[in-house]
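Asker: Before we start, here is the structure in question, set down as structure tokens.
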Amino acid sequence: MKFNTKTIHGGQENIDPAYGSIMPPIYQTTTYSQSTPGGHKGFEYSRSANPTRTALEKSMASIENGKFGIAFGSGLAAIDAVLKLFKPGDEIITTNDLYGGSYRLFTSIFEKMGIKFHFIGMGEASNIENYINENTKLLWVETPTNPMMNIIDIEAVSKIAKANNLLLAVDNTFATPYLQQPLDLGADIVMHSATKYLGGHSDVVMGSLVVRDEDLADKLYFIQKASGAICGPQDSFLVLRGIKTLHLRIQRHCENGETVAKFLRSHLKIGKVYWPGFEDHPNHDIAKKQMKGFGGMISFTTKENTLESATKIVENLKVFTLAESLGGVESLAGHPASMTHASIPKEEREKTGVVDSLIRLSVGIEDEEDLINDLKQALG
Ligand SMILES: *Cc1c(COP(=O)(O)O)cnc(C)c1O
């Protein structure tokens, strides 16, 4: 099955044996009757499994070319579940240009529990080898990175992971499986904030993991059940519905993203524009190799390079909404230094380029002329 068919049919065989409904019913139930103790039809209690959630998990596994999908109540709950695979003394190597909430989870929760994190540049994958020791267990990669749009070579990192017997997890939230399939490139775990492009309509908070290895899947299903950070059936239904148009939406996000990135780059009031589709982007070749397109996420600075100049722009936008989050059908503008990345100390974030004048756009699927006109008037 090809990707554009998988988004609609992947893992959805025999979805409703009772009545043949095309979409799975929303099984708004906590429990399931048993004919005799233990005599159930695969479902006992909805923390462990719920048929609507299972339908979604199968879809998620299918679109990532994986075998097992595990859904959670948020992206961070999914990351939290991965970290619970480890114990005090274990070490994790991750990128220094990371989603702010992941950074906060690592440093404020799991560091206290005795896990050690190394936040490093992975632009050159070989740099990772400098930080590997006998306690290292996991490489955690985000690509494209948020918000600086750096690209990490997943295949190169996976070779290092395999050579050193480490797990490799990739946060694929920005790229989505339409553009990039980390399991095919050697990753062991793919993670999503399904809140973003998978859901796609800014109406659900959810997270997911997809793996191929059955032992790893069993451990993660156990954590899902034992820690209980699950998503509900209604939300599962909504994300399943979102996934059915993922390919169409991402195509348009890519087209509009390219138009907006080129417009910004040609504008006199703009400083730098970060978008992996530009041929002079430092990792453009890797992006071209591992991604099918360059997406609709763009960051830029103002030429003045001041907080005031950035504030004025985001306040003047009318079609773009000033808001956190990304990946919905509507265009959003964010100010990482004060919003999504406020939990990272100023010196730390400025080292990676998150300066006060940086604006991040999630370019939506509206008419591109309206988006360009909106940016023109806001910059004027
Ligand atoms: C939003 C986001 C997360 C966290 O997901 P939630 O659903 O908000 O918990 C993790 N990684 C990236 C790249 C994100 O954009």
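The values are calculated or read from the model by the stated rules, or taken from the named source; none is laboratory data. Note that the coordinates shown come from a computational prediction; the quantities given were computed from them, not determined experimentally. Don't worry about glycine lacking a Cβ; one is built from the backbone with ideal geometry, like all the others, and counts go over all protein chains shown. These accessible areas exclude ligands, DNA and RNA; they are computed on the full protein's heavy atoms, side chains included. Shrake-Rupley method; radii C 1.70, N 1.55, O 1.52, S 1.80 Å.
Asker: Once a ≥ b ≥ c are taken as the square roots of the eigenvalues of the Cα gyration tensor of segment 100-232, is the result rounded (a/c under 1.5), prolate (a/b larger than b/c) or oblate (a/b not larger than b/c)?
Answerer: Here segment 100-232 falls in the rounded category.
Asker: Then there's this: Given the convex hull of the Cα atoms of segment 298-380, what is a quarter of its surface area in nm²?
Answerer: Numbers: hull surface 20.7 nm².
Spelled out: convex hull of the Cα atoms, projected over all directions, averaged, 5.2 nm².
Asker: Place +1 on the Cβ of every Lys and Arg and -1 on the Cβ of every Asp and Glu in segment 10-243, take the dipole about the Cα centre, and give the residue among PRO25, ILE15, ASN135 whose Cα lies farthest towards its positive end.
Answerer: The residue sitting farthest along the positive end of the dipole is PRO25.
Asker: Is segment 144-189 best put as rounded, prolate or oblate by its Cα gyration tensor, with a ≥ b ≥ c the root eigenvalues, rounded for a/c under 1.5, and otherwise prolate when a/b is larger than b/c, oblate when not?
Answerer: Values: a/c = 2.30, a/b = 1.64, b/c = 1.41.
The shape class here is prolate.
Asker: If the elastic network links every pair of Cα atoms under 10 Å, which of HIS281, HIS192, HIS253 fluctuates the most in the Gaussian network model of the chain?
Answerer: It is HIS281.
Asker: What residues qualify as long-range amide H neighbours of SER299, i.e. H under 5 Å apart, gap of 5 or more or another chain, H built at 1.01 Å from N?
Answerer: TYR274, LEU361
Asker: Let me ask another. I need the phi-derived Karplus couplings for segment 175-192: 6.51 cos²θ - 1.76 cosθ + 1.60, θ = phi - 60°, integer Hz, Gly and Pro marked x.
Answerer: Each residue of segment 175-192 in turn: 7, 6, x, 5, 9, 7, 10, x, 5, 5, 9, x, 6, 9, 9, 10, 10, 10 Hz.
Asker: Taking amide H positions as placed 1.01 Å from N in the peptide plane, with prolines and chain starts having none, which residues 5 or more places from GLY207, or on another chain, fall under 5 Å of its amide H?
Answerer: So GLY207 has HN proximity to PHE72, GLY73, SER74, GLY75, ALA194.
Asker: Sticking with this one: Size of the dipole of segment 247-379 about the Cα centre, Lys and Arg at +1 and Asp and Glu at -1 on the beta carbon, nothing else charged, in debye to 20?
Answerer: Working: 17 positive and 20 negative charges, 61 e Å.
With only Lys, Arg, Asp and Glu charged at Cβ, the dipole is about 300 debye.
Asker: Quote to one decimal, in nm, the extra length available between SER227 and LYS312 on full extension: 0.36 nm per residue of separation minus the C-alpha distance between them.
Answerer: Details: separation 85, 0.36 × 85 = 30.60 nm, distance 4.40 nm.
So the extension gain works out to 26.2 nm.
Asker: Need one number: nm distance between label points at THR107 and ALA163, each 7 Å from Cα along Cα→Cβ, rounded to one decimal.
Answerer: 3.0
Asker: Moving on to the next point. Provide the per residue accessible area, probe 1.4 Å, for segment 247-379, rounded to a whole number of square angstrom.
Answerer: Working: 6120 Å² over 133 residues.
So segment 247-379 comes to 46 Å² accessible per residue, rounded to a whole number.
Asker: Please report, in debye to the nearest 20, how large the charge dipole of the chain is about its Cα centre when each Lys and Arg carries +1 at its beta carbon and each Asp and Glu carries -1 there. All intermediate terms of the calculation are to be shown ahead of the outcome.
Answerer: Numbers: 38 positive and 45 negative charges, 97 e Å.
Once rounded to the nearest 20, the dipole reads 460 debye.
Asker: Right, next: Grab the DSSP H runs of the chain that are 4 residues or longer, score each as -39,500 (n - 2.57), total them, divide by all residues and round the 222 nm result to the nearest 500 deg cm²/dmol.
Answerer: Values: 13 runs with 129 residues, N = 380.
It comes out at -10000 deg cm²/dmol, rounded to the nearest 500.
Asker: Could you tell me which residue out of THR302, SER208, ILE359 lies farthest along the dipole of the chain toward its positive end? Charges go on the beta carbon: Lys and Arg +1, Asp and Glu -1, centred on the Cα centre.
Answerer: So the residue we want is SER208.
Asker: Of the options MET191, PRO88, SER35, report the single residue whose Cα projects farthest towards the positive end of the charge dipole of segment 10-243 (beta-carbon charges: Lys, Arg +1; Asp, Glu -1).
Answerer: It is SER35, whose Cα lies furthest towards the positive end.
Asker: Could I ask something else about it? Hey, got a sec? Which chymotrypsin sites (Phe, Trp or Tyr not before Pro) in segment 164-245 land in a DSSP loop and have at most 13 other Cβ atoms within 10 Å?
Answerer: Working: sites: PHE174, TYR178, TYR197, TYR221, PHE222, PHE237; in loops: PHE174, TYR197.
Here no loop site has a sparse enough neighbourhood.
Asker: From the phi of every residue in segment 221-227, what ³J(HN,Hα) in whole Hz does the Karplus formula 6.51 cos²θ - 1.76 cosθ + 1.60 yield, where θ is phi - 60° and glycine or proline is x?
Answerer: 5, 5, 5, 4, 6, 6, 8
Asker: May I pose another question? Based on alpha-carbon centroids, what's the gap between segment 57-72 and segment 2-34 in Å, whole number please?
Answerer: Using only Cα atoms, the two centres lie 14 Å from each other.
Asker: Compute the Cα gyration tensor for segment 63-162, then decide on rounded, prolate or oblate, letting a ≥ b ≥ c be the square roots of its eigenvalues: rounded whenever a/c is under 1.5, prolate when a/b is larger than b/c in the other cases, and oblate in all that remain. Spell out each step's value before the answer.
Answerer: Values: a/c = 1.30, a/b = 1.06, b/c = 1.22.
Rounded shape, in that the Cα axes give a/c under 1.5.
Asker: I've got another one for you. In segment 287-346, what trypsin sites (Lys or Arg not before Pro) fall in a loop by DSSP, with at most 10 other Cβ atoms inside 10 Å? Please report the intermediate quantities before stating the final value.
Answerer: Working: sites: LYS288, LYS289, LYS292, LYS303, LYS312, LYS318, LYS346; in loops: LYS292, LYS303, LYS318.
Passing both the DSSP loop test and the Cβ count: LYS318.
Asker: Still on this structure, I have one more. Where the centre of each part is set by its Cα atoms, how far does segment 91-152 sit from segment 286-338, in angstrom?
Answerer: Going from one Cα centre to the other spans 24 Å.
Asker: Take the Cα gyration tensor of the chain, multiply each eigenvalue by 5, square-root it, and list the three semi-axes largest first, rounded to whole angstrom. Display every interim value, and only then the final one.
Answerer: On the way: eigenvalues 237, 132, 66 Å².
Each semi-axis is √(5λ); the values are 34, 26, 18 Å.
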